[in-house]
Structure formats: structure tokens, C-alpha cells
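First up is the structure itself, then whatever we jot down about it.
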Amino acid sequence: MAGGYRKKLGDWGEQIASNYLETQGYEILARNFHTHHGELDLIATKNKSLCFIEVKTRSNHAYGFGEEAINAKKLQAMFASIESYLESLGSEAPTEWQIDIIIVEGRKGDPAPTILHYENIGEETL
């Protein structure tokens, strides 16, 4: 049952993040893009810039802060997944892109969760 709760919480957080991004002028291109390296939570564009967004949702800090879950291993998997996505675009693939992280803190159904948006992060950020 705990896995079901975490999945529902994660889905809720991704929907909150997606709604937030749209209010900030982003266009969501894909959700939960799967590769054999892992999953890209959200893929979006803003001002013709391609963004890959990792969403971490926390209802409390019992398992740490969402930011702590983005480690070098996670980034490596994201880079490999991004490469797969870009390859799927072929000649239409942009040469410039960025990774953003969105942390959603709150409980499912919370009308005003806290949203933290870290833009254009990289390995040197962590």
C-alpha cells in the first residue's frame, strides 16, 4: 500500500509542477518519457528553449529534502535519458537545452503546496 501512496503523491506533485510551469509560460511537450536509462518527468519549452524537468514531491522530510534525491547517479541517468530523447528527434533536436528541478512540498490535495523551482542546474550545482 505504501508504494501506491507514493505513486499517487508523485503523480499529484507532477500535476502541480505541470500546472505551475504552464502559469510561468512553459509549454509541456511530454510527461513521463521512458527510456531504458530511466524516466524524464516533464519535458517542456519556454521561449524556444528545451527543458527537462525532474519533479520531487515530499509530504514531509522523513526521507530528506527533495533536493537531496538529485545526486550524481540520478543526473547521470537523466543525461542518458535526455540523450535518448534528443536522438528520437533526429535532425530536429536542439543543441541547447537545460535541466530544471521542481520540488513540491505538501500533502495530496493541499490547495497551496510549496513549489521550489531550480532552473538550469548541472552537475556543478550539486
* Asked: What FRET efficiency do you get for Ala30 and Glu68 if R0 is 30 Å and r is their Cβ-Cβ distance, rounded to the nearest 0.05?
  -> 0.70
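Determine the relative contact order of the chain: mean sequence separation of Cα pairs under 8 Å and six or more apart, normalised by residue count, in whole percent. Could you put the intermediate results ahead of the total?
Details: 194 pairs, mean separation 30.8, N = 126.
The value is 24 percent.
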* Structure fact -> Zone reached by a paramagnetic label modelled 7 Å from His37 Cα along Cα→Cβ, restricted to segment 61-89 with backbone N below 18 Å, covers 70-89
* Which one, (i) 2.03; (ii) 1.37; (iii) 1.04, gives Cα Rg over 2.2 N^0.38 Å as derived from the coordinates shown? -> (iii)
* the chain: most fluctuating residue of Asn47, Asn32, Asn19 per GNM, C-alpha cutoff 10 Å -> Asn47
* To do: Rank Ala112, Ser91, Ala30 by how far each Cα sits towards the positive end of the charge dipole of the chain (+1 on Lys, Arg Cβ; -1 on Asp, Glu Cβ) and give me just the farthest.
  => Ala112
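By per-residue mean of other Cβ atoms within 10 Å, what is the highest-first order of 99-107, 70-78?
Numbers: 99-107: 20.8, 70-78: 14.2.
Most protected by this proxy first, the peptides run 99-107, 70-78.
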* Within segment 2-125, what is the number of lysine pairs with alpha carbons under 16 Å apart, leaving out pairs fewer than eight places apart on the same chain? -> 7
* To do: Report, for the chain, the % of DSSP beta bridges that are antiparallel, rounded to 5.
  => 65 percent
* Label point distance in nm, Leu116-Ser49, each placed 7 Å from Cα along Cα→Cβ -> 2.1 nm
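Every read-out reported here was derived from the displayed coordinates using simple, explicitly stated rules and does not represent laboratory data. Because the structure is predicted, anything quoted here is derived from the model rather than measured. With ideal geometry, Cβ positions are generated from the backbone for all residues, glycine too; neighbour counts draw on all protein chains shown.
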